[in-house]
Amino acid sequence: MTIRVLHVYKDYWPVVGGIENLVRRLAIGLQADPEFAPRVLVTNPGWQTVREEIDGVPVVKAGRLATVASTPLSLALVRELARQPAEIVHLHAPYPLAELAYLLTRHPGRLVLTYHSDIVRQRRLLPLYRPFLWQLLRRAEVITVSSPHYAAGSPILRALGEKLRLVPFGVDPARFALTPERAARVARLKAELSGPLVLFVGVLRYYKGLEVLIPVMGEVPATLVILGEGREGARLRALAAAQPHADRIVFRGRVEHDELVAFYHAADVFVLPSTSRAEAFGVVLLEAMACGLPVVTTELGTGTSFVNLHQQTGLVVPPGDRAALAAALRSLLADPTTRQRYGAAARRRVEQEFSEAQMLAATKALYREVLARPARC
């Protein structure tokens, strides 16, 4: 039989973010396998419900009433969830509305939940959220986590025991290969941007640590390139403009995939200086590492230090520590031999431990396992 899988989250392509892109890659991968029939249910920034097909995957974007505390509110999503036939409902948490909708609608689909992150910034809402979150976690057949580090550091996940399954996120290394066309782009970028290049990629959110990194670049002999947009963009651009080294901080916004890959290959070091556990994994690390880049990350007790191994694939420094961050960047920029060694190890680590094929295989195996169990009464 064909296994119908419904992925539920708040946003989807063309909205760009770690979870959004992960859901998209899972849906595309499932669509390519005749055993599975994926669908995606998310919200639409407008009030109307939109039905479309993206990458061959049916996507319902339910009309949104408002957004409160980073949570889209949509009565249409609740209605659509009740109508969507599926043997597996795969929720991506945290998104309280979707989780509550699953409980309210009593959807017959077996529940698989990927626990991406604890509630970090909206802690005041935890007393309201926690009771139905625990109901949902009890209802879930399986709860997947992307790293053992995050599971060990989460007070919620530590209590779940045998339900937890490790399914690391993955990327397809072939999508980041240096083709002749991309090599030409790399040459143009290196000619255009002066000196060694330090690269940051990501949505410009409060926890990404750019308010630490931007001033630090005054102590680092390199140009910082920032790719991405987000609600912190205007504030960060103003901060950069006020620095004595403003001419060495370049914002390029959101770029298409080929240009992104060219930037990865043009850079000397990749940096993800995040400052809170809201940075639960960092898929951009896998992308950079797939391109052979050494990386600098911060020790958050999350998946970033599961991906980046200190003094093997890059360097790990304390969050918010400007002196340590500057020293790590300077040491790598001054040592091309170490950069090459870390970069080669980073590429191998992605190929061996964090491939998209491995992620898809593990996810499919979980679906089959769940459906082979006796149905709950």
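The values are calculated or read from the model by the stated rules, or taken from the named source; none is laboratory data. These numbers were taken from a predicted model, which means no experiment stands behind them. Cβ sites come from the backbone with ideal geometry, for glycine too, and all protein chains shown count toward neighbours.
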Could you figure out which of (1) under 27 Å from Leu285 (Cα atoms); (2) acidic (Asp, Glu); (3) assigned to a strand (DSSP E or B) isn't true of Glu53?
(1)
Restricting the search to the stretch 31-59, which residues are surrounded by 20 or more Cβ atoms within 10 Å (Cβ to Cβ) and in contact with a helix residue (DSSP H, G or I) (Cβ under 7 Å, 6 or more places away or on another chain)?
Phe36, Pro38, Val40, Leu41, Thr43, Val57
Residue in the stretch 181-200 that is small (Gly, Ala, Ser), at pLDDT below 95 and in a loop (DSSP other than H, G, I, E, B) present
yes
Scan the stretch 83-92 and give yes if some residue there is surrounded by fewer than 20 Cβ atoms within 10 Å (Cβ to Cβ), touching a residue at least 24 places away in the same chain (Cβ under 8 Å), in contact with a strand residue (DSSP E or B) (Cβ under 6 Å, 6 or more places away or on another chain) and among the acidic types (Asp, Glu), otherwise no.
yes
Regarding the stretch 58-73, can at least one residue be identified that is farther than 21 Å from Ala93 by Cβ and in contact with a Lys or Arg (Cβ under 8 Å, 6 or more places away or on another chain)?
yes
Kindly indicate whether any position in the stretch 340-349 is in contact with a strand residue (DSSP E or B) (Cβ under 7 Å, 6 or more places away or on another chain) and not assigned by TED's automatic domain parsing to the domain that holds Leu22.
yes
